[in-house]
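Presented below is the structure to which this report refers.
The values are calculated or read from the model by the stated rules, or taken from the named source; none is laboratory data. It should be emphasised that the depicted structure is a prediction, and the values quoted were computed from it without experimental measurement. Backbone-built Cβ (ideal geometry, glycine too); neighbour counts: all protein chains shown. When the accessible area is computed, the model is the full protein with side chains, heavy atoms only, and any ligands, DNA or RNA have been set aside. Shrake-Rupley method; radii C 1.70, N 1.55, O 1.52, S 1.80 Å.
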Amino acid sequence: FRPGKAPRTIVEKKVFKEVAVEVKNEVLMASLEQLAEENTLSPLSPPDLDPTAVVIPDAGPLVYEFDIEVRPEFDLPNYKGLKLRRPTHTYSDAEVEAEKRKLLEPYGQIVPKDGPVEVNDLITADLTIKRDGQELNKLSEIRIKVEPRLALADGVAEKFGESLAGAKPGDTRTVEITLTQAMKEETLRGAAVQADFTVKDVKTVRPPDLTDAILEQFGVKSVDQFNEVVRTRLERMLEYTQRQAARQQVLEQLAGNANWELPRDLLTRQARRTMQRKVMEMKSSGLSDEQIVGRRRVLEQDAVRSTAAALKEHFVLQKIAEVEKLEIDEADVDAEIDRIADQSGESPRKVRARMEKDDLLEALATELLERKALDLVLGAAEYEEYEMNPAERADAAEVATVEAAAVEGGAE
């Protein structure tokens, strides 16, 4: 055909597919932006929309449907001037020494122990797991660090350290394990089983001398400076406990009467994002990777319940952030990455790269925004201080982890 004289129908037939894809993408983006501008929506995640399934009709309007999970609408009570109870604790010299031993364990020497089992020892044990007298599983030669709590792949023993204390090689101690809600067999979900730990061997970690080389690993040059690092670490953990207690009280006071029936499938889909936010909160509070693994395992035992509680916190804090017009920019994210890098002794570039790989940058930004909202509430609150009680200490206690499962192949 002469230039400019090709029949329209032929041109349309030739380029329709390519042009249709471009037009469809532009129309979808424009319509989603219009939807966000004209409606007050607070999405929990990106819309469940498959662009390839949307087809542009030969004639007439383009109509498409999609599902999106949004935050429930609710009235926010007055959040300024709340009356909160705040746990406090003054760490004794013995507690500081115990924390110092924990920090130095990676540099110590594992040696046999003649005495009975204590917290922080290493044991090798055979396990027999039973329920109502019926044997469910046997595990041999499992090596475990004795901490107040123990998290297996499919359950948590809340009183592990207490139950094993004083045991010697040859002794058998029975420990109750609560199985995860994710067990394949419905009758085992959340069930309590009994594990007989037969102690085969007990070892302990002999702490190293505080040489200049070891002090350098902690970025200090003297024993006094190292002691200050230990106390700062303990104070940071106390602050984490205080903030957790505050979050729970803020939620109870601001959303205690809200009737949010969150569907189980929603909670299941949101579990990963919620866990990412919890991990970022723990990282920002200075918890080590080892501590985070243990606490994460505990939260995962009942992912639906922990996700429901965390989502409700998220709803309240996000609403406060909207009302107060709080925002997070790239400078806030960079500053937090620098802070985490400083705590872990890594370079900011390495921390950012790992977060990008683990898809945690969005969770970091969300956690920072929630932190700003919580700080605003806490800054205007009135406090009644009290000595941290045993239950709160238990929640803050260390968690030992093993990859073995109490019931072989039992968890989904």
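How big is the dipole moment of segment 42-154 about its Cα centre under a simple scheme where the beta carbon of each Lys and Arg is +1, that of each Asp and Glu is -1, and everything else is neutral? Debye, nearest 20, please.
740 debye
Scan segment 267-357 for GluC sites (Glu not before Pro) in coil per DSSP, keeping those whose Cβ has at most 15 other Cβ atoms within 10 Å, and list them by number. Present the calculation step by step, with values, prior to reporting the outcome.
On the way: sites: 281, 290, 300, 313, 322, 324, 327, 330, 336, 346, 356; in loops: 324, 327, 346.
The qualifying sites are 324, 327, 346.
Any idea how far apart residue 384 and residue 408 come out in nm if each label point goes 7 Å out from Cα toward Cβ?
Using points 7 Å along Cα→Cβ, the separation is 5.4 nm.
Per-residue accessible area for residue 33 at 1.4 Å probe radius, Å² rounded to 10?
100 Å²
Can you give me the Kirkwood hydrodynamic radius for the chain, using every pair of distinct Cα atoms, in Å to one decimal?
About 25.3 Å for the chain.
Students often forget the sequence filter, so: which lysines lie under 23 Å Cα-Cα from residue 13 once same-chain residues fewer than 8 apart are removed?
List returned: 5, 24.
Using only Cα atoms, find the angle between the long axis of helix 361-379 and the longest principal axis of the chain, and express it within 0 to 90 degrees, rounded to the nearest 10.
Its long axis makes an angle of about 70 degrees.
For segment 151-200, state which trypsin sites (Lys or Arg not before Pro) are in a DSSP loop and have at most 16 other beta carbons lying within 10 Å of their beta carbon.
Answer by residue number: 159, 184, 189.
Projecting each Cα onto the charge dipole of segment 100-160 (Lys/Arg +1, Asp/Glu -1 at the beta carbon, about the Cα centre), which of 119, 155, 139 comes out farthest on the positive side?
119
Treat each spin label as a single point 7 Å out from the Cα along the C-beta direction, and report the residue 138 to residue 244 distance in nm.
Between residue 138 and residue 244, the simple spin-label model gives 3.7 nm.
So how many Å³ per residue does the convex hull of the Cα atoms of segment 279-371 work out to? Intermediate values should be presented prior to the final figure.
Values: hull volume 8.7 nm³, N = 93.
Convex hull of Cα atoms, per residue: 93 Å³.
Using 0.36 nm per residue of separation minus the Cα-Cα distance, give me the extension gain between residue 96 and residue 223 in nm, one decimal. Walk me through the numbers before you get to the answer.
Working: separation 127, 0.36 × 127 = 45.72 nm, distance 1.31 nm.
Using 0.36 nm per residue and subtracting the Cα-Cα distance, I get 44.4 nm.
So what are the ³J(HN,Hα) numbers for segment 131-136, from phi and the Karplus equation (6.51, -1.76, 1.60; θ = phi - 60°), rounded to whole Hz, Gly and Pro as x?
These are the phi-based 3J(HN,Hα) values: 9, 6, x, 9, 6, 9 Hz.
Would you mind telling me the antiparallel percentage of the DSSP bridges in the chain, rounded to 5?
If I count the DSSP bridges inside the chain, around 80 percent turn out antiparallel.
Taking Cα pairs under 8 Å and at least six residues apart, what relative contact order does the chain come out at, in percent? Show your work: numbers first, answer last.
Values: 554 pairs, mean separation 94.4, N = 412.
With pairs under 8 Å counted, the relative contact order is 23 percent.
Using a 1.4 Å probe, what is the accessible area per residue for segment 262-412, in Å²? Walk me through the numbers on the way to the answer.
Working: 7560 Å² over 151 residues.
Per-residue accessible area for segment 262-412 comes out at 50 Å².
Reachable lysines from residue 168, Cα under 20 Å, same-chain residues fewer than 8 places away excluded?
113, 145, 159, 200, 203
Starting from the Cα gyration tensor of segment 244-317, take the square roots of the eigenvalues, sort them a ≥ b ≥ c, and report rounded, prolate or oblate (rounded when a/c is under 1.5, otherwise prolate if a/b is larger than b/c, else oblate). Mind dumping the intermediate values first?
Working: a/c = 2.35, a/b = 1.35, b/c = 1.74.
Taking the square roots of the gyration eigenvalues as a ≥ b ≥ c, segment 244-317 is oblate.
Using a Förster distance of 45 angstrom, determine the FRET efficiency expected from the C-beta separation of residue 329 and residue 211, and round it to 0.05.
0.55
Size of the dipole of segment 196-332 about the Cα centre, Lys and Arg at +1 and Asp and Glu at -1 on the beta carbon, nothing else charged, in debye to 20? Don't skip to the answer; put the middle values down first.
Working: 23 positive and 24 negative charges, 113 e Å.
The dipole of segment 196-332 has a size of about 540 debye.
Place a label point 7 angstrom from the Cα of residue 109 along the Cα-to-Cβ direction, then list the residues of segment 172-215 whose backbone nitrogen is under 19 Å away.
Backbone N within reach: 202-215.
Just read off the accessible area of residue 63 with the full protein assembly in place, 1.4 Å probe, to the nearest 10 Å².
Around 120 Å² of this residue is reachable by solvent.
Taking amide hydrogens as modeled 1.01 Å from N in the peptide plane, which residues meet the under 5 Å criterion relative to residue 86, leaving out close sequence neighbours?
Distant-sequence amide H within range of residue 86: 384, 385, 386.
Taking Cα atoms of segment 1-113, Rg/Rh with Kirkwood Rh, to two decimals?
Details: Rg = 31.5 Å, Rh = 22.1 Å.
Rg divided by Rh gives 1.42.
Taking θ as phi - 60°, what are the ³J(HN,Hα) couplings along segment 159-168 by the Karplus curve (6.51, -1.76, 1.60), each to the nearest whole Hz, with x for Gly and Pro?
For segment 159-168, the Karplus curve yields 10, 4, x, 4, 6, 8, 4, x, 6, 10 Hz.
Given N residues in segment 24-181, what is its alpha carbon radius of gyration divided by 2.2 N^0.38 Å? Numbers along the way, then the final one.
Numbers: Rg = 28.7 Å, N = 158, 2.2 N^0.38 = 15.1 Å.
Expressed relative to 2.2 N^0.38 Å, the Cα Rg reads 1.91.
What's the extension gain from residue 124 to residue 68 if we count 0.36 nm per residue and subtract their Cα-Cα distance?
Length gained, residue 124 through residue 68: 15.2 nm.
Evaluate the charge dipole of segment 244-305 about its Cα centre and quote only its size in Debye, nearest 20, assuming +1 on the Cβ of each Lys and Arg and -1 on the Cβ of each Asp and Glu. Present the calculation step by step, with values, prior to reporting the outcome.
Values: 12 positive and 8 negative charges, 39 e Å.
I would put it at about 180 debye.
Considering only protein heavy atoms and a 1.4 Å probe, what is the carbon-and-sulfur percentage of the accessible area of the chain? Before the final figure, lay out each step's value.
Values: 11650 of 23730 Å².
Carbon and sulfur together cover 49 percent of it.
Considering only protein heavy atoms, what is the solvent-accessible area of residue 10 at a probe of 1.4 Å, reported in Å² to the nearest 10?
80 Å²
Once amide H atoms are placed 1.01 Å from N in the peptide plane, what residues at a sequence separation of 5 or more from residue 204, or on another chain, have their amide H within under 5 Å of its amide H?
111, 113, 122
Would you work out the relative contact order for segment 279-351, in percent, from Cα pairs under 8 angstrom that are 6 or more residues apart?
Working: 25 pairs, mean separation 22.1, N = 73.
RCO, segment 279-351: 30 percent.
Find how much the distance from residue 55 to residue 22 grows on full extension, using 0.36 nm per residue of separation minus their present alpha carbon separation; answer in nm with one decimal. Please list the in-between numbers first.
Values: separation 33, 0.36 × 33 = 11.88 nm, distance 1.21 nm.
Extra length from residue 55 to residue 22 when fully extended: 10.7 nm.
Note down the nm distance, to one decimal, between modelled labels 7 Å out along Cα→Cβ at residue 290 and at residue 347.
According to this spin-label approximation, the distance is 2.6 nm.
Output ³J(HN,Hα) for segment 73-88: one whole-Hz value per residue in order, computed from phi by the Karplus curve 6.51 cos²θ - 1.76 cosθ + 1.60 with θ = phi - 60°, and x for Gly and Pro.
Once rounded to whole Hz, the list reads 7, 7, 7, 9, x, 4, 10, 10, x, 5, 9, 10, 9, 10, x, 10.
What whole-number value in Å² describes the accessible area per residue of segment 126-205 for a 1.4 Å probe?
Details: 3770 Å² over 80 residues.
Here the residues of segment 126-205 average 47 Å² of exposed surface.
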